[in-house]
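A quick write-up on the structure given underneath.
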Amino acid sequence: MTRILFVRDKTDVVVQSLTKNLDLKTFDISVLDFKHGELISVNKGDTIRLLPFMFSKIRMISYLLRFFAAFIYIIRFSKYHYDVIHVLNIKRENFWLFPFFKRKATKFLLSVYGKSTFLYRTKRLLFTRVLKYPDYVVFTNPSMLREFSLHYKNVETSKMIISYIPVVNVATKRRALNEATLNDFCIKYNIRNDLIRISCSSTISSYDQHEKVIDALAQIKNKHKVQLMFLLTYGGTVKMKQSIIEKIQNTLADCNVAIVDSFLSNEELAAYRSLTDIYVNMRTSDQMAGAVVESLFEGALLLSASWLNYLTLDDIGIHYNKVPDFDRLTSCLDESIEYLPIFKSKYAFSNREKILNEFSLERSIQRWNDIYFGNQLDNN
C-alpha cells in the first residue's frame, strides 16, 4: 500500500474530500493536524494526541501550541517514513519542517492556496528558502501558478503543476436532492419560487465584501423581480454575522430578502445551490471555491469580479459575466436580471456539462492518483 501523510487541519474540505474518496485498499492514509494536535490514521480510525490541550482564544498562544505539537511529532515519530507527504498550504507553523518532510518521504508535495503566500513580504522571506524541498508545488488554477512564479523565481517551472480541488460530487448531491427536501427548505427560509433568486454571499468572512455588495444591491432597478439570498453559515464570527444582518436590514429594507444562517446538511446546501438563479461572487481573492463550481453546475448565472482571474472557466468555455469593479456591479446586476431567460435557454445546460467534465470528483481523484503514483505529469 502507498503510505500518504496529509499535513493540514482535519476539518479542511480538501483533506476531507481526499481521505473520503481515495481508495483505502490502495492508500494507507494519515493526517497530521497541528491545529488540533493530532495524528490520525484514516484506515484504522485511530487518533494519537500530540498535546493534551490545544485550544486557546489568544492567537499567539494558539500558534505556540501548534509549534509544540510539531516538535512532539518530530520526537515521537521521527522513524516514520511515507511514500508521499502532502502539505496542504504552507504556513508559518509548518514551513520549517520541510527539510524533515523531505527526508521522511519518497515524494514530497506542497499545495499552495491563498495569495497571502506571496503577497506578504514577511512570508516570502520565510518561505523562499524552503521551497526547494518539495518535489512538486501544486496549484488549483493557472493564475495562482503564474502569480506565484513571479514572486518565487527560485522554484523551477517543471516542479509547478495544476490540479483542481476535489469538490463534493455535485452530480451525486443533486440526484440525492428530493422534492420534499426542496419544499421544506423553501418553507423554512421563505424562499420564493415566483422571483429571480440572487445568491449574494457564500460565507460570513470579510473577503466576501458584504458591505460593498449590499450597497450595490440597494441600487438595482427591478427589486420587485428578485429575492436576495444571503448564506451566512460558514466562516467568520457570531459578531461578524450579526453586523452583516444589521447591514442587510438597514440597507435592503425595501427588498425581498432570505437569510440562511444556520448549519446546512449536504441536502440542504444542494437545495440552496439549486434554487440560485444568479450568483454574485465579489471576493477579494479566491482559488475557485466549491460554491462557484456547484452554482455553475446547477445552472446559475455567475457574476464574478474580474480580478479573480478565473482562467480555468475561460479555458473550458464557461459562459459567465465579469464585473470590473463595484461601481459597475449594480448595472451588471440590472443587465443580468433582464438577460437571465436568454442565459437559461442558451448556456445553463452547456455550462453544467463543462463543469461536470472538468471538475467531477472522479476526474479530480484520478489526477491525484496520477500525482501520487508518479505517472507522467503535465498541466493539460
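Condition first: under 21 Å from ASP9 (Cβ atoms), in contact (Cβ under 8 Å) with a residue 12 or more places away in the chain and either of a type outside the set (A, V, I, L, M, F, W, C) or assigned to a helix (DSSP H, G or I) (or both). Now tell me which residues in the range 119-159 satisfy that.
Once the filter is applied, which keeps residues that are under 21 Å from ASP9 (Cβ atoms), in contact (Cβ under 8 Å) with a residue 12 or more places away in the chain and either of a type outside the set (A, V, I, L, M, F, W, C) or assigned to a helix (DSSP H, G or I) (or both), the range 119-159 yields LYS123, LEU126, PHE127, PRO134, THR140, MET144.
Which one of the conditions (1) surrounded by fewer than 17 Cβ atoms within 10 Å (Cβ to Cβ); (2) at positive phi does ASN89 fail to meet, given that it meets all the rest?
(1)
Can you tell me which residue in the range 260-276 is modelled with the lowest pLDDT, limited to those that are out of contact with any strand residue (DSSP E or B) (no Cβ under 7 Å at 6 or more places or on another chain) and within 22 Å of ALA348 (Cα to Cα)?
GLU267
State whether one or more residues within the range 40-52 are crowded, with 19+ Cβ neighbours inside 10 Å, of a type in the set (Lys, Arg) and in contact with a strand residue (DSSP E or B) (Cβ under 8 Å, 6 or more places away or on another chain).
No, there is no match, as no residue in the range 40-52 is crowded, with 19+ Cβ neighbours inside 10 Å, of a type in the set (Lys, Arg) and in contact with a strand residue (DSSP E or B) (Cβ under 8 Å, 6 or more places away or on another chain).
Inside the range 217-253, can you point out the residues that are buried (at least 18 other Cβ atoms within 10 Å of the Cβ), farther than 17 Å from LEU333 by Cα and of a type in the set (S, T, N, Q)?
Passing the criteria: only THR233.
Can you confirm whether ASP12 is in the same structural domain as PRO134 (by TED's automatic domain parsing), touching a Lys or Arg at 6+ places or on another chain (Cβ under 6 Å), surrounded by 13 or more Cβ atoms within 10 Å (Cβ to Cβ) and closer than 20 Å to GLY235 by Cβ?
no
Among the residues of the range 201-208, is there at least one that is surrounded by fewer than 17 Cβ atoms within 10 Å (Cβ to Cβ) and of a type in the set (Asp, Glu)?
Within the range 201-208, not a single residue is surrounded by fewer than 17 Cβ atoms within 10 Å (Cβ to Cβ) and of a type in the set (Asp, Glu).
Specify the residue that is modelled with the lowest pLDDT; the eligible residues are those in the range 345-364 that are of a type in the set (Lys, Arg) and under 26 Å from the mean Cα position of the chain (by Cα).
Once the filter is applied, the top-ranked residue is ARG363.
Given the conditions (1) among the polar types (S, T, N, Q); (2) free of Cβ contacts under 8 Å to residues at least 60 places away in the same chain; (3) closer than 17 Å to SER360 by Cβ, which single one is not true for ASN321?
Among (1) among the polar types (S, T, N, Q); (2) free of Cβ contacts under 8 Å to residues at least 60 places away in the same chain; (3) closer than 17 Å to SER360 by Cβ, the lone unmet condition for ASN321 is (3).
For the list (1) aromatic (Phe, Trp, Tyr); (2) in contact with a Gly (Cβ under 9 Å, 6 or more places away or on another chain); (3) closer than 24 Å to ARG129 by Cα, I need the number of the one condition that PHE53 fails.
For PHE53, the exception is condition (3).
The values are calculated or read from the model by the stated rules, or taken from the named source; none is laboratory data. Fair warning: this is a prediction, and the values are worked out from it, not measured in the lab. Cβ sites come from the backbone with ideal geometry, for glycine too, and all protein chains shown count toward neighbours.
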